[in-house]
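Worksheet: one structure, shown below.
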Amino acid sequence: MTAPPFSTLERVLTRPDTAGPGDLGTIRAAGLGGALHSRLPGEHPLRGELRADALRLGLRHAQVRAEVRALLEVWAAEAIPALLFKGFALAEFEYAAPGERIYGDVDVLLPGDPEVVWRAAHLALAHGWHSDGQHADPTTWHHETMHLYSPGGHVRLDVHRSVVGFRAGVSPQRAAVLTAGLWARARRSDWAGLPLHLPGALDAAVLNVALGRSWGGDSGGLKPADYLDLQVLAARHGLEPAALAAHAASLGAAHTWAAFLRVCDPWRATLVLDPARTRPVIRSGLRGDGLHARLGHWRERFGHLRRVWPLLPVSLLDVLAARGATARGRDPRDHLRRWTPPGPVRRLPLRAVQDRIMVIGWWTWVLYPRQRRRGVCVPRAYASYRSLRRGGHPVRFVSGVAPVPGGVHGHAWIEDDRGAVEAYGEPENRRRFRELFSFPAQD
């Protein structure tokens, strides 16, 4: 009997030497080929097979690195301090080779002063980058202030003002204290002539890996890279469990850290990836530290509800229309064509785009209570397209596929003329899926 993907990933990450040819599909689907390549013994039969994976990741990192450095040099020349953290920073500064660490977006922390954010955005725009527009409206800011896209198309830069998100119930005040501490303890680095801030080693492990995952939007879930990141940081900086536990306690996160280690502990070669098993553990840790993820989510939803309630009736009609179209089948372009009004498009304000997508998501959650098992990507994308097109926004429906063990996985989502729509919550689609078609088709 073939082991499920979670079991396979847990095994090959904690015991790399057990990886076999039958695991290749799962390893590659998770983007772990480069990581496993460096961890296999020289004579292992998969080492040569996975060398190409490491080279591809290394080449992509080189492209990303060049574009990120170019922008950071512009900011540094204007005395805008930047702190790199999470995936890109780990690949560049902590792993033995960048081809070992897969990542999507690049995360950078800037001071949260609106004047600094606007200046950084205008400098980026002047050097060929483009923004999703969030920088211009502080009322849309949360733990991130904007998303920038590089001229060469290799980088999506997530610009943070807070080191953790607020969805797990973290108050803005608590997040601000954590962020100020990260800045105060940051390592000042010279990146081949470019002044830069990097997290201290203890913060990189506790604050960026464990709390970044548990206190952010993923509260309760893990990624395979979490285990590798802790493993690499511990080995590179000589981090011991006692020192890490003490640092977590100083951040008010002793229970979260202890819970995280129950499911992700490289010192004991323990790893659990199934969210059904990790969520109860992590959320018990959050409660011990005074955070309640569900309460935080509902408080956020009720706050939004006061603003968006007029959209509820018409958005319900959008979701019902999408549900009917999904049930009827046929070529998606037939349905999309009916929902595309004639005439020129006009860009909706970012807040209006966020509100429409959020309300569609609520109705989808209500009408598809088993959505996590069955998947609702098509009706959600249909309804989001219908709602935004009705408002005149230049949105596109995209259908794509990705290889998975034993076949392919299909997916549908929306984009606009700037690319990924941040409020849709799926920034990795272009990296994970190959486009089959889009409507309207790109010129």
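Laboratory data are not the source of any read-out in this text; all were calculated from the coordinates shown. Remember, it's a predicted structure, so these values are computed and weren't measured experimentally. Cβ placement follows ideal geometry from the backbone for every residue including glycine, while neighbour counts extend to all protein chains displayed.
Data for the structure
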item: For a label point 7 Å along the Cα-to-beta-carbon line of ARG277, residues of segment 8-30 with backbone N under 12 Å; result: 8-11
item: Packing-based ranking, highest mean first, of 86-95, 134-143 given that Cβ atoms within 10 Å are counted; result: 86-95, 134-143
item: Estimated 222 nm signal from helices in the chain, with DSSP H stretches of n ≥ 4 weighted -39500 (n - 2.57), rounded to 500; result: -15500 deg cm²/dmol
item: Inter-probe distance in nm under a simple model that places probes 7 Å from Cα toward Cβ, at ARG330 and ARG185; result: 6.0 nm
item: Ranked by how many other beta carbons lie within 10 Å on average, peptides 383-391, 145-153, 110-118, 354-362 from highest; result: 383-391, 354-362, 145-153, 110-118
item: Alpha-carbon gyration tensor eigenvalues x 5, square-rooted, for segment 85-190, Å; result: 22, 20, 13
item: Dipole moment magnitude, nearest 20 debye, the chain about Cα centre, only Lys, Arg, Asp, Glu C-beta charged; result: 1700 debye
item: Cα centroid separation, segment 316-388 to segment 143-202 (Å); result: 33 Å
item: Isotropically averaged projected area of segment 205-352, using the convex hull of Cα atoms (one quarter of hull area), nm²; result: 13.7 nm²
item: Mean shadow area of the chain over all directions, Cα convex hull, nm²; result: 21.8 nm²
item: Selection from LEU40, THR140, VAL68 lying farthest towards where the dipole of segment 1-157 points positive, charges on Cβ; result: LEU40
item: Charged-residue dipole, Cβ positions (Lys, Arg, Asp, Glu), segment 1-129 about Cα centre, Debye nearest 20; result: 380 debye
item: Förster radius 30 Å - calculated FRET efficiency between HIS127 and SER38 (Cβ-Cβ, nearest 0.05); result: 0.30
